[in-house]
Amino acid sequence: MDIVKEQFIKEFNLDEYIRKVPDFPKKGILFYDITGILSSPLAFKYCIDKMAEIYKDQKIDAIAAIEARGFLFASPFAYKLGIPVIPIRKKGKLPGVTLSKKYDLEYAQAEIEVHAADVPRGKNVLLTDDLIATGGTLNAARSLLVEGGAQVPGIFGIVGLPFLNYKNLLDPTPVITLIDFHGE
């Protein structure tokens, strides 16, 4: 990689790649769209490289990812570190024996599942998603992993919305994000 590209990566501004869409999916919601990161090889590389840099000295045995955009970031990270990916999916998408957890959404209830055999007992599993809003899905996923016998030493997201108080729900697990938006 040449010096100019290396310098650009060090000074990278992810905000330029995240589209803010007002009134989506419903009026009053400001949607933070990460597809600009996915469509830019340099922005995507920056995210994966930063994840690897952040966790390089930690004992991470696997990475669990929330369907579907979490998979996009977890897979290259796992490849880079040589660890397995554990998919956490919506109910009914996984065959075989699963662990499942119901959780509340703003106006409904949802349920996620993980293959019971995929959860490594006694191992450290980093949990990830593309965006952390209220933390409800990640909290349910963390519960699934712990129920399966894993330890969850951290939660990672590309985008964080701390004004929605996700840290209250996800404490005491450390949460790291690459960029935060504060309701603007």
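The values are calculated or read from the model by the stated rules, or taken from the named source; none is laboratory data. Everything quoted here is computed from the prediction, not taken from an experiment. In this analysis, Cβ positions are derived from the backbone assuming ideal geometry, glycine residues included, and neighbour counts consider all displayed protein chains. Accessible surface areas use protein heavy atoms only, side chains included; no ligands, DNA or RNA. Shrake-Rupley method; radii C 1.70, N 1.55, O 1.52, S 1.80 Å.
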Self-check item: DSSP beta bridge pairing in the chain, given as percent antiparallel to the nearest 5
Solution: 40
Self-check item: Computed lengthening from residue 147 to residue 164, 0.36 nm per intervening residue step minus Cα-Cα distance
Solution: 3.5 nm
Self-check item: Dipole axis of region 16-84 (+1 Lys, Arg; -1 Asp, Glu on Cβ), positive-most option in 21, 32, 70
Solution: 21
Quiz item: From the square roots a ≥ b ≥ c of the eigenvalues of the alpha-carbon gyration tensor of region 104-180, which class results: rounded (a/c under 1.5), prolate (a/b over b/c), or oblate?
Solution: oblate
Quiz prompt | Solvent-accessible surface (1.4 angstrom probe) belonging to residue 105, in square angstrom, nearest 10 | solution = 80
Exercise. For each pair in 20/123; 45/102; 26/101; 26/50; 27/50; 26/90, compute the distance between the two Cα atoms and list the pairs where it is over 30 Å.
Key: 20/123; 45/102; 26/50; 27/50
Quiz item: To the nearest 10 square angstrom, how much accessible area does residue 182 have with a 1.4 angstrom probe?
Solution: 120
Quiz prompt | Structure-based [θ]222 nm, the chain - -39500 (n - 2.57) summed over DSSP H runs of at least 4, per residue, nearest 500 | solution = -9000 deg cm²/dmol
Quiz item: How would 181, 163 rank on accessible area, largest to smallest, probe 1.4 Å?
Solution: 163, 181
Quiz prompt | Accessible surface, region 46-169, averaged per residue in Å² (probe 1.4 Å) | solution = 47
